[in-house]
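Only one structure is covered here, and it is reproduced in the block below.
None of the figures in this text is laboratory data; all of them are computed from the coordinates on show. Every value quoted in this text rests on a predicted model; they were computed, and no experiment measured them. Glycine gets a Cβ as well: all are built from the backbone with ideal geometry, and neighbour counts include every protein chain shown.
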Amino acid sequence: MSTQYGFSFAKERCVQCFGCEVACKSWREGELGVRWRRVYNIWQGRYPKVKNLSASVSCMHCADPACAKACPEQAIQKRAEDGIVVVDRSKCTGCKTCLKACTFGAPQFGADGKMQKCDMCLNDSDLSKESPPCIETCPTKALQFGKMEQKEKITIEQDIQKLMAM
Amino acid sequence: MGEKKNQWLLDRRAFLKATGAGMAGAAIGAFPFESFTLDEAMAVAAKADETAVPTLCAMCGPAANCGVYAFTKNGRFTKVAGMKESPANNGSLCPKGQASPQWVYSRERLKYPLKRVGKKGEGKFQKITWNEAIEIIADTLKRQKQKYGPESLGMLSPARRTYSEYLYRFLIAHGSPNYGHSGICVMQRAFAFMYTLGDWPRIVDYGKSDVILIWGRQPIYSGPAQEGVRAYVNAKARGAKIIAIKPTVEPDVGLADEWVPIRPGTDAALALAMLNVVVNENLIDKAFVEQWCYGYDQLKEHVQKYPPTWAEKITGIPSEQITEIARIYATTKQAGIDTGNGLEHTPSSNDAFRAIAILIAITGHLDRPGGNLLGPPLSKMPRPKSVHLTERYTQEWVDKLVYPEFPKPFQPFVEGTSSAYYGMLESVLTEKPYPMRTIIAPGSQALVSTRGSKRVVEALKKLEFYVVVDVARTADMPYADIVIPTSTPYEMDHPFEIRGNWIMARNRVIQPLGDYKSIYEFLCDLGVKMGYGADFWGGSMEASMNDQLKPLGMTIDELRKHPTGIKYEPVPRTYETYEKVFKRKSPRISGAPFLPQGKVAIYNTSFKEAGFPPLPEWKEPPESITGTPELTKKYPLILSDYHTSSVYTASWQRDVPYLREILPYPTVHIHPDTASERGIKNGDWVRIESPHGWIKVKAELYPGIRPDTVMVLHGWWQGCKELGFKDLPLLDGGANVNIMYSVDREKAFDPLVTAMASQTLVQVRKV
């Protein structure tokens, strides 16, 4: 793959402001009840030695996407030119097999029952900007975006998985 | 769709790739994907047949004003992006800002003026014109002024906005000192610090501190896109030790090195015990104390009453931990204390801040690198002319205050003369010393903004004339005689705003959605109708802004030619400015300095002369585990509340669907052990009962809270139709936490600064 874009996330900089989540909804006119990007609060330890950690998670556009493998309709693909995981909604039957396969909770289902998720804003004609609004809006630059190597991409995915499993 | 546009984007990315930019994991700051500049915003808008208007955000306060680009399509406000050129937010934006179009187009917006036709509280109104509304208000005010005196008019303060100064101007032109300030926000802190240190050293030198105590402060929930959060996160990244003192673990605590879970409302006890440690272990800056402090010997004797073992019982913090924090702070050369609004909600509020101010001073952390700095950052910007008619204050004026927020010998304070918000409402019921006859509520809702909602309802029923001025329906609106709808700041081209060294003109994004004007124009129109036209620029906001801008040598039109405003050159900070600051004059009528001895007022002779204790003391909240142990059998848990949250500003914005989705229900934070003892599971509806009322909220099992404490979020009342949420009851059975607290005049108020308690004892049961 010549080019692979991905998100990275620095948990030590996230303050759970939810700016990324609402920027996503507002710029993409997100349907109510559908959350392409989500901010999680993760507890660690017991009182009084208790802490909380944060995770901002959307579709990770995985190096090896489990959803694409699981989809019985072959509706999900990782694009060769940029690594973006795209869903062909005309093929989707809404069976939610992808949701079961995804460890990030990325696939969302709105009123039409078909899978929808973060497309990295690359497909959207309104967004002619270098990086998606979720990145632009982040006050502490905890959430970042860019081109990355396969190895780095996988490390980021594993870090988020570990965080979400706490 | 949009093949061509995608191509442009890919070209852009190819360009970045070719220049070696765009690597993920690159150092922060070097990352090339920055937010919108004016040119980028214009280019993005043009490609989608949209317009991008540079303006200022309006979704939180007080006076936050992040720079934004507001996008419109076919005259409709569609979305926003942070403005890279704005030093306030540096291109970033919070969820409230991102959701602003939904706030502007909310179904709750008021579109035309209303006149009450039913009984008070019934909510029956008739549509009237703007001019009719102005006329009715002016007639009423003129009649009441003649019969009862101008002081019978009061204004309920909003969270501070630029229009606060215009509210003062109207009151002063009319002749009333009764600006009803909340009594729970900012001024309580400012008062204690200024009368102890001559200034409020609110700025911690974050870039240089090795230890930071973040004490009852929440840097994220209000203005997360601003410098406070960046400073906090960067200090952490630099390796500063952060100690968070607050009852629960919030996201900022997650980034801290140590959490000190204090019982709500007991900060004064902790601060006094820290003074005890510092004094007895002689961890002071001896030279500073000798040269710049007044009354250290009295303090030394006074704090013997407050050893850490004493404070442990009250605060719930182990005495060893108290001693350790005091030592770390006192012995670290570059250390700061960032205090917050959490300390302003208790009868010992003033004591807490005074004790902390003394702690900062005697340990040598005042106005030194890494410590608490005196004065705001300075720049070469000339100060615009004030719209506050300060020069008209007299002693007679002060004597007319209906319920002084600060004692009369200390009025006016920095924002002007003020009565306590709640006290002003209560005067309607007590008629002591006289009742308010008209109250105007601009951007404020008494039924959820202040404590004692049950008393407030009675006051609103009895009040002769109540005017609600707001962009959207408020909780109090059914009690209004006249409702004045106003523009959101996205529908107006005024005022200009200043933040630090940056000044920018506000630009209109869309035309008003109904028969209304801005709150500034409301005050100008009413001023003219009242015969105060000379004080209201003949009703012209353009004339008002031009008048204010004279010292800057420009007009508003000239300022507007700078679409992203003007940044003035900053003046480098100097440290140890004691000589100058300790002589500062207070805003009192006498102009006497804040510090009579020209030194830090450890022993406060100004307070002593006015009949208040000269040294900080401890005062229990009206109901507490150590103050009223007899209540703990029936009510074993402490209740307090969060003032604001990541997605809501105080008591508004519950009607904004994109925000409501994130925090849909009123919840109580309860420790999992405390919950399981009561058979309560996550998501259960629970009834919380105090000696004063009960609320119904959902349980959120929250590992990061003291097991003896539960916390709810303040400000719940409003529904959200899009998501199927109805309004909640304002009194018992709803989720309005204000009904839960004592409003006993003797017990619930700080005697010096009228701070109101937001602590009580409760029981929690599954519904």
Worksheet entry | For the range A:71-96 and the range B:72-141, distance of Cα centres in Å | 43
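Would you calculate, for the protein assembly as shown, the mean residue ellipticity at 222 nm contributed by helices, counting each DSSP H stretch of 4 or more residues as -39,500 (n - 2.57) and dividing by all residues, to the nearest 500?
Taking each H run of at least 4 residues, the total per residue is -8000 deg cm²/dmol.
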Item to complete: Would you work out if chain B is rounded, prolate or oblate? Take a ≥ b ≥ c from the square roots of the eigenvalues of the alpha-carbon gyration tensor; rounded if a/c is under 1.5, else prolate when a/b is larger than b/c, oblate otherwise.
Response: rounded
Fill in: Distant-in-sequence amide H partners of B:S379 (H built 1.01 Å from N, under 5 Å)
B:V571
Worksheet item: Quick one: of the DSSP bridges fully inside the protein assembly as shown, what percent are antiparallel, nearest 5?
Response: 60
Worksheet item: Net charge near A:S56, counting Lys/Arg +1 and Asp/Glu -1 over other residues with Cβ under 11 Å of its Cβ?
Response: +3
Worksheet item: Per residue of B:95-101, what is the mean number of Cβ atoms on other protein chains within 10 angstrom of that residue's Cβ?
Response: 6
Worksheet, complete the sentence: Gyration tensor (Cα only) of the protein assembly as shown to equivalent ellipsoid, semi-axes in Å sorted down, yields 43, 34, 29
Item to complete: Measure off 7 Å from each Cα along the Cα-to-Cβ vector at B:K147 and B:R678, then give the distance between these two points in nanometres to one decimal.
Response: 4.9
Worksheet, complete the sentence: Given a Förster distance of 35 Å, the FRET efficiency implied by the Cβ-Cβ spacing of B:E431 and B:K124, rounded to the nearest 0.05, works out to 0.80
Worksheet item: Given a cut-off of under 8 Å on Cα pairs at least six residues apart, what relative contact order in percent is computed for the range B:371-530?
Response: 15
Worksheet item: Rg (Å, one decimal) plus Dmax (Å, integer) for the alpha carbons of the range B:47-185?
Response: 19.7, 62
Worksheet item: Relative contact order (percent) for the range B:72-164, with alpha-carbon contacts under 8 angstrom and 6 or more residues of separation?
Response: 13
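Which value, in debye to the nearest 20, describes the size of the charge dipole of the range B:519-648 about its Cα centre when Lys and Arg Cβ atoms bear +1, Asp and Glu Cβ atoms bear -1, and nothing else is charged? Walk me through the intermediate numbers first.
Numbers: 16 positive and 16 negative charges, 99 e Å.
I would put it at about 480 debye.
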Worksheet, complete the sentence: Per the C-alpha gyration tensor (a ≥ b ≥ c, the square roots of its eigenvalues), chain A is rounded if a/c is under 1.5, else prolate if a/b beats b/c, else oblate; here it's rounded
Fill in: Sorted peptide list for A:61-71, B:93-103, criterion being average Cβ within 10 angstrom, highest first
B:93-103, A:61-71
Practice prompt. Kindly point out, ordered by number, any Cys in chain B whose beta-carbon has no other cysteine beta-carbon under 4.7 Å away.
Written response: B:C60, B:C94, B:C185, B:C293, B:C524, B:C720
Worksheet item: For the range A:32-38, in order, what is each residue's ³J(HN,Hα) by Karplus, 6.51 cos²θ - 1.76 cosθ + 1.60 with θ = phi - 60°, in whole Hz (x at glycine and Pro)?
Response: 5, x, 10, 10, 5, 10, 9
Item to complete: Please give the average number of partner chain Cβ atoms lying within 10 Å of the Cβ of each residue in A:8-17, rounded to a whole number.
Response: 6
Discussion item. Defining a contact as two alpha carbons under 8 Å apart and six or more residues distant in sequence, what relative contact order in percent does chain B show?
Written reply: 17
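Peptide A:45-55: average number of partner chain Cβ atoms within 10 Å per residue?
6
Sort the following peptides by mean Cβ neighbour count (other Cβ atoms within 10 Å, averaged over residues), highest first: A:73-80, B:418-425. It would help to have the intermediate numbers written out before the result.
Working: A:73-80: 16.0, B:418-425: 27.5.
Top of the packing list down: B:418-425, A:73-80.
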Practice prompt. Take each of the peptides B:343-349, A:134-140, average the number of other beta-carbon atoms within 10 Å over its residues, and list them starting from the highest.
Written response: B:343-349, A:134-140
Practice prompt. Stick to Cα atoms and the Kirkwood definition of Rh, then tell me Rg/Rh for the range B:408-514.
Written response: 1.06
Worksheet, complete the sentence: Residues whose built amide H sits under 5 Å from the amide H of B:K517, excluding neighbours closer than 5 in sequence, are B:S487
Worksheet item: Loop-only check: which GluC sites (Glu not before Pro) in the range B:119-182 are DSSP coil with at most 15 other Cβ within 10 angstrom?
Response: B:E122
Discussion item. Testing the spin-label approximation: label points 7 Å from Cα along Cα→Cβ at B:L731 and A:A165. State their distance in nm.
Written reply: 5.5
